[in-house]
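Report on one structure; see the data block that follows.
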Amino acid sequence: MQIPIKYIPNEVENKWYDYWMKNNYFHSEPDEREPYTIVIPPPNVTGVLHMGHMLNNTIQDILIRRARLNGFNACWVPGTDHASIATEAKVVEKLAKEGISKSEITREEFLNHAWDWTHKHGGVILEQLKKLGASCDWERTKFTLDDDLSESVIDTFIDLYNKGLIYRGYRMVNWDPEAKTTLSDEEVEYVEKQGKLYYISYKIEDSDEVVIIATTRPETILGDTAICVNPNDKRFTHLKGKQVIVPIANRSIPIIEDEYVDMEFGTGCLKITPAHDPNDKVIGEKHKLAVIDIFNDDATLNSYGLHYEGQDRFEARKAIVKELEEKGYIDKIENYTNKIGISERTKAIIEPKISAQWFLKMEEMVKPAIKAVKNGEIKFFPKHNVNTFNHWLNHIRDWNISRQLWWGQQIPAFFYGDGVADFVIAKTREEAFEKAKRTLSGSGKSLTIEELRQENDVLDTWFSSWLWPISVFDGIRYPNNKEIEYYYPTNDLVTAPDIIFFWVARMIFAGYEFRDTKPFSNVYFTGIVRDKQGRKMSKSLGNSPDPIKMMEEHGADGVRAGLLLAAAAGNDLLFDIELVKQGKGFANKIWNGFRLVTSWEVSETIKQPKSAEKAIQWYESKFQHALESVEKSFEQYRLSEALMTIYKLLWDDFSSWYLEIIKPTFGQPIDVETFKSTVRFFENNMKVLHPFMPFITEEIWQFIAKRSPEEALIVSEYPILKKYDTKQIDEFESVKEIVSGIRTIRKDKNISFKNTIDLFVMNSDDFTSDFDTIISKMGNIAEFNYVDKKVDAAMSFRVKANEYFIPMGDSIDAEAEKVKLVEELRYTEGFLKSVQGKLKNERFVNNAPEQVVAVERKKEAEAIAKIETLKVSIAGL
């Protein structure tokens, strides 16, 4: 086959992805092999690929391809998440543009619009992942609103309710007025905002005296139901039992006492608004205060907002402050910085709101998860995420699982009356009707099936995705089916650290609750992809490159390599397009090396040179050494280190040294033994690189020999780790130093590589004697001799205990060279003195980091060795 001169990624990538799909390499069925399973963190169904997805899915693909090569039955389950809040917001926005309000249509009509939107825009991201090379089992693609997954969610809700773990109650919740739904604590972000602190006067009833309270939210005074002071605060003892008048509302409310009030904060008087502050709610319940909610669901003021009804909360604030000022109620206004809760999805400022919601009890459910991570049954990489995990679980509150949305699994609660507890839990309306009739029997109340009202709310999206490792194998509906028994627990989870609470922890809860075992063994937390300035990549900053365009320009392999080269294990990734270019350059380097080898004529008659024989022995050992390092890196999930090891092996050791050593003289053939070994090395190199750069490796693999589908690289066997000769590796490092020394002298003296030179070695240690033929070839040495005394009129250098001389003859001006070397000697002696001055300083040695001191000691040793070499060279001249 004719090998193209240039490697063209787009042509190669499409060709081999189609080939892999055609031959069904990605698909897995239970068999006698050991399974290796990963479930994808399901992206939003209408989402598009961003840099975080690129990193996460590259890592997953590396793990799954490596497992496939290692003989595991590799199964990577893809899928998408219905993303209740995000998707519903998109559909509401789209309908608004068409002049349709959600409130004007039925639930069924809205869901038809939502499904239309999902079918039109959904799944794009999965197609984009194919461009990246993701070897998912696409036949297993799942969606969290698939019928079987939705049934699993409903079954789970019913099961947990019957166990007494789900309850309905009125609670202060985080309300997102833009999405018009509650949020869990984990879906709220806290940001610092510059605001105002308003000091407002409340008149004591039947008195000219006033009390002053401080608030950041003057609009909420319309919901005040008490003023609270500390019973130990002597300033307000005389106010006990009195009433105050709420400004603007002109309502009379009591002054109450509670030790909760901090006497040192503000004025010492606290306004109590139970409907709009969680702490006020606690005090309100304790003192049996009225609850006045002044907001509609969209955070406009309701009828309790009086003449501000219908105004947005922030517009109303300005108007209320103006009225308070005009009426003399404002004592003073100060600038004030405080932390504000905002919606993680919509970025709207959260309103605390009392609402009837559904909750899942957490107290007992978290215990197996804490234990599993503590005893190492589930391992986190990097380990520091364990502290974050434990802190959250030890301070967890019951999970608010209901959302005031229509897109999602509708809660299977059916109301038969107006009471808080007038409901039954059932899978179908018919089953609910029978339950409700039994409940009402003997009460004299009649009920028709039409009178049943199903709960409007849907379940939190995370309540479906927490089942993901189980439900994708139908393990909730059919807990003993063949697939769940074979593939579960899964092996590795690759995810971002920002969903450790939303998803990772909850999947662990579900695993132990529904299958009494862990959902996965290892969790690898990727870093966050940032730009070179350390900023998180986002559309608004315009600092996030288009992944698809990037792959079209640099190739998927180049992008994959670039991402990994930038991604230290679990640390944030400072993305730089130059690293992607480096990945592309690496692909070209490999390609050019392969073309070089295949361009050689092969002879079955010529003898293998000694230099080639030694190079083969050395590369065998070097490859095994690198393979061992790669294995250790994978054990620690240090994938970037693994790639860097392979990168150096192929770029430096294989391309720059091995191929240069065995390369035949121009126009001459290569012996068949060396050629066969080189092809074998190429095959092994492609195997270890394949998980990282699958396309170019498959392309080269298929060019090496004609292969059947069963012999494709993707399903070949990973190299086996064998014993190797470490002495040979160490000695070759000295060979590199010797060749480097020769090349340095050639460069300094402008001696062309085409011209041969002589090399003499005064040998105190014969560690390189086995490699003399390699040194001769790489240095283009005409005469290589061992001597027992220094060579005159020669340039020299030292490697370990050996001294090497290259006679200069009449080619240099000895006096001029001597002057140059003497100058260099003086500089080096001065440098050594400054380094030794540092090392004699006890404060530096005792207080500086160990690695810093080690660097200085290395500088000292190198300077001493250089001074000795320079002195020898000067003496020789």
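The values are calculated or read from the model by the stated rules, or taken from the named source; none is laboratory data. Keep in mind that what you see is a predicted model, and the values were worked out from it rather than measured. Here Cβ is always computed from backbone atoms with ideal geometry, including for glycine, and neighbour counts include all displayed protein chains. Accessible surface areas use protein heavy atoms only, side chains included; no ligands, DNA or RNA. Shrake-Rupley method; radii C 1.70, N 1.55, O 1.52, S 1.80 Å.
Of note:
- Estimated FRET transfer efficiency (Trp651, Lys838; beta-carbon r; R0 45 Å; 0.05): 0.80
- The residues of the range 560-664 have, on average, 40 Å² of accessible surface per residue, using a 1.4 Å probe with all protein chains present.
- Look at the Cα gyration tensor of the range 395-458: its axes a ≥ b ≥ c give a/c of at least 1.5 with a/b over b/c, and that counts as prolate.
- On the basis of the beta-carbon distance and an R0 of 51 Å, Asp422 and Lys367 show a calculated FRET efficiency of 0.95.
- Restricting the range 562-610 to GluC sites (Glu not before Pro) in coil, as DSSP defines it, with at most 10 other Cβ within 10 Å: Glu601, Glu604
- Shape box of the range 261-351 [Cα atoms, principal axes, largest first, Å]: 35, 33, 29
- For the range 138-202, accessible area per residue (1.4 Å probe, heavy atoms of protein chains only), Å²: 42
- Förster-model FRET efficiency, 56 Å R0, Val787 and Asn70, C-beta, rounded to 0.05: 0.60
- Reach of Lys379 by Cα under 20 Å, taken over lysines that are not fewer than 8 positions away in the same chain: Lys367, Lys371, Lys518, Lys632
- Given Lys736/Lys800; Lys102/Lys281; Lys614/Lys749; Lys749/Lys871, the pairs whose alpha carbons are separated by over 23 Å: Lys102/Lys281; Lys614/Lys749
- Full extension of the segment from Thr726 to Glu189, taken as 0.36 nm per residue of separation minus the current Cα-Cα distance, would add 188.0 nm.
- Our helix-only sum for the chain, with -39,500 (n - 2.57) per DSSP H run of n ≥ 4 divided by its residues, gives a mean residue ellipticity at 222 nm of -13000 deg cm²/dmol.
- Formal net charge of residues neighbouring Ile874 (Cβ-Cβ distance under 13 Å; K, R +1; D, E -1): -1
- Stretch gain in nm, segment Val291-Lys322, where the contour uses 0.36 nm per residue and the Cα spacing is subtracted: 8.6 nm
- Spatial separation of Cα centroids for the range 62-122 and the range 306-337, in angstrom: 42
- P(r) histogram, all alpha-carbon pairs of the chain included - 20 Å bins from 0, percent: 12, 32, 29, 17, 9, 1, 0
- C-alpha center-to-center spacing [the range 227-296, the range 480-545] in angstrom: 45
- Rule-of-thumb Rg ratio for the range 471-537 [Cα; 2.2 N^0.38 Å; N residues]: 1.41
- Look at the alpha carbon pairs under 8 Å that are at least 6 residues apart: their mean separation over the length of the range 725-877 gives a relative contact order of 23 percent.
- Residue-normalised accessible area of the range 309-370, expressed per residue, 1.4 Å probe, Å²: 53
- Accessible surface of the chain, 1.4 Å probe, proportion on carbon and sulfur as whole %: 49
- Prolate/oblate/rounded call for the range 609-716, Cα gyration tensor, a/c under 1.5 rounded: oblate
- Compared with the direct C-alpha span, the chain from Arg453 to Gln608 gains 47.1 nm at full extension, assuming 0.36 nm per residue.
- Loop-located trypsin sites (Lys or Arg not before Pro) in the range 29-127 (DSSP state not H, G, I, E or B) with no more than 14 neighbouring Cβ atoms inside 10 Å: Arg33.
- Relative contact order, percent, the chain [alpha-carbon distance under 8 Å, six or more residues apart]: 12
- Violating pairs (Cα-Cα greater than 32 angstrom) within the set Lys203/Lys353; Lys581/Lys727; Lys383/Lys687; Lys589/Lys747: Lys581/Lys727
- Interchain or long-range residues, amide H under 5 Å from Val244's placed H: Glu205, Ile253, Ile255
- Annotation for Lys242 and Glu98: the two label points, set 7 Å from Cα along the Cα-Cβ direction, are 6.2 nm apart.
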